[in-house]
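Read through the structure below, which is laid out as structure tokens, and then see the notes.
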Amino acid sequence: MSPEERKANGPLFNTLRDRVTEAIAARKTELQTEALNARLASERIDVTLPVRPEPQGTIHPVSQVLDEVTAIFADLGFAVAEGPDIEFDDYNFTKLNIPPDHPARQMHDTFYVAKQGDGSRHVLRTHTSPVQVRTMLKQKPPIRIISPGRAYRVDSDATHSPMFHQYEGLVIDESASLANLKWVLEEFYKAFFEVAQVELRARPSYFPFTEPSVEWDLRCDRSVPGRIVFGQGNDWLELAGSGMVHPRVLEMCGIDSGRYQGFAFGGGLDRLAMLKYGIPDIRPFFESDLRWLRHFGFAALDVPTLDGGLSR
Ligand code: DAH
């Protein structure tokens, strides 16, 4: 353009450029607002909704009972001790005064693990009693432990499972007696079955690792079929084996039997669960059938405590 033409058209072009710039800016803002609105809409949160969905899983009755038993004994001043499922033959038997060739070994229907290089054998522990050995070997008296855990025996029917659960108690000091044991068991069963009173009956028995050995029955009422009430009635239910720890066991575990004595007891955890919660057959415990778990399971967030309630 000639200078004159430029002078005449310049303002026109300038106005045009300003309008286009403005239009682009306006459209850009519009698109940004649209994008922001779409994002806000897609990320909208209804703060009135529950924080998370209802928990789906339930606590298995064995876990529940294990927590209940632990809570009760913790309150009585017992520490929890644990041992491995695959155990030395020595701890499962010999140090519990069951030497090789002892007839009591046959009562245990043991699962043996293949021989080691040195000829020794491990077993799947047939009871939780080897935890007594492990505890005494590494801890000096006074000892007060409870040990819940798995045990294994070649056995299977409505009330026996090849893998099952036991709890083991051990108290060692200078004066622990059978009378103390009876009191501990009474307190335990009262708390566990959530009744005001229980009555225990002692029966002489035999375990190689205790002397004397006592089995305990609990008074109960089974007059209504399918129902059992503790603390009353005319029936007796066998619940635990126990006794004063055999001096030989103390000595084999490095404890001076001239100075220390103590009691031990043990029973079935699955059995306690069956009795307390009316579960007739042990086999479904370990079949992972969701319908069974939903029916017999416990709310996941209700942790059993003595003051907050054991089973509610
Ligand atoms: N270990 C025994 C069993 O499985 C139960 C038992 C009996 C444990 C007497 C003990 C005890 O601690 O003193 O049959």
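What follows is calculated from the coordinates using simple rules that are stated; it is not laboratory data. Since the model is a prediction, treat every value here as computed from it, not as a measurement. Neighbour counts run over all protein chains shown; Cβ positions are idealised from the backbone, glycine included.
Taken over the alpha carbons of the chain as equal point scatterers, the Debye sum produces base-10 log I(q)/I(0) values at 0.11, 0.16 Å⁻¹ of -0.77, -1.40.
Adding -39500 (n - 2.57) for every DSSP H run of four residues or longer, then dividing by how many residues the chain holds, sets the calculated 222 nm ellipticity at -11000 deg cm²/dmol.
Taken over the range 17-128, the percentage of Cα pairs per 10 Å bin, counting from 0 up to the bin with the maximum distance, is 10, 18, 15, 13, 8, 8, 9, 9, 6, 3, 1.
Of the trypsin sites (Lys or Arg not before Pro) in the range 20-70, the ones in a loop by DSSP (not H, G, I, E or B) with at most 16 other beta carbons within 10 Å are ARG44.
With R₀ set to 30 Å, the beta-carbon distance separating SER120 from ASP157 gives a calculated FRET efficiency near 0.40. Taking amide hydrogens as placed 1.01 Å from N in the peptide plane, the amide H of PHE263 sits under 5 Å from those of VAL171, VAL245, each at least 5 positions away in sequence or on another chain. Would you mind checking the tilt of helix 3-42 against the longest principal axis of the Cα atoms of the chain, expressed as 0 to 90 degrees and rounded to 10? Its long axis makes an angle of about 20 degrees. Angle of helix 178-193 to the longest C-alpha principal axis of the chain, folded into 0 to 90 degrees and rounded to 10: 40°. With the highest mean first, a sort of the peptides 246-253, 97-104 on other beta-carbon atoms found within 10 angstrom per residue produces 246-253, 97-104.
Label zone (LEU137, point 7 Å along Cα-to-C-beta; backbone nitrogen cut-off 20 Å) within the range 85-105: 85-102, 105. For the chain, a Gaussian network of Cα nodes joined below 10 Å ranks LEU40, LEU218, LEU237 by mean-square fluctuation, and the top entry is LEU40. Rounded to the nearest 0.05, the FRET efficiency derived from the C-beta distance between HIS102 and ALA299 at R0 = 35 Å is 0.15. Highest mobility in the GNM of the chain, judged by mean-square fluctuation with C-alpha springs under 10 Å and restricted to GLY258, GLY278, GLY231, is found for GLY258.
In this structure, the amide hydrogen of SER205, modeled 1.01 Å from its nitrogen in the peptide plane, lies closer than 5 angstrom to those of SER213, VAL214, GLU215, counting only residues at least 5 positions away or on a different chain. Applying a DSSP loop filter and a limit of 12 other Cβ atoms within 10 Å to the GluC sites (Glu not before Pro) in the range 1-73 leaves GLU43. FRET efficiency for the pair TRP292 and GLU238, taken as 1/(1 + (r/R0)^6) with r the Cβ-Cβ distance and R0 = 30 Å, rounds to 0.70.
For LYS140, a cut-off of 21 angstrom between C-alpha atoms picks up these lysines, skipping any fewer than 8 places away in its own chain: LYS95.
A simple charge model with +1 on the Cβ of Lys and Arg, -1 on the Cβ of Asp and Glu and nothing else charged puts the dipole of the chain at about 660 debye relative to its Cα centre. Couplings 3J(HN,Hα) of the range 135-144, computed from phi: 5, 5, 5, 10, 10, 8, x, x, 10, 8 Hz, in residue order, whole Hz [Karplus 6.51 cos²θ - 1.76 cosθ + 1.60, θ = phi - 60°; x for Gly and Pro]. Taking 0.36 nm per residue of sequence separation and removing the Cα-Cα distance, the ARG17/LEU76 pair yields an extension gain of 12.3 nm.
Among ASP109, ASP281, ASP157, which one shows the biggest mean-square fluctuation in a GNM of the chain, springs joining Cα atoms closer than 10 Å? Comparing ASP109, ASP281, ASP157 in the GNM, the peak value goes to ASP157.
Maximal additional length on extending the LYS190-ALA25 stretch stands at 51.4 nm, based on 0.36 nm per residue less the C-alpha distance.
Only Cα pairs under 8 Å and 6+ residues apart enter the sum, and on that basis the relative contact order of the range 1-127 stands at 16 percent. The label point for GLU174 and the one for MET1, both projected 7 Å from the Cα toward the Cβ, are 11.6 nm apart. For ALA151, the residues whose amide H sits under 5 Å from its own are PHE164, HIS165, GLN166, ignoring neighbours fewer than 5 places away on the same chain, with H placed 1.01 Å from N. On the principal axes of its alpha carbon atoms, the range 1-82 extends 108, 25, 18 Å, with the longest extent given first.
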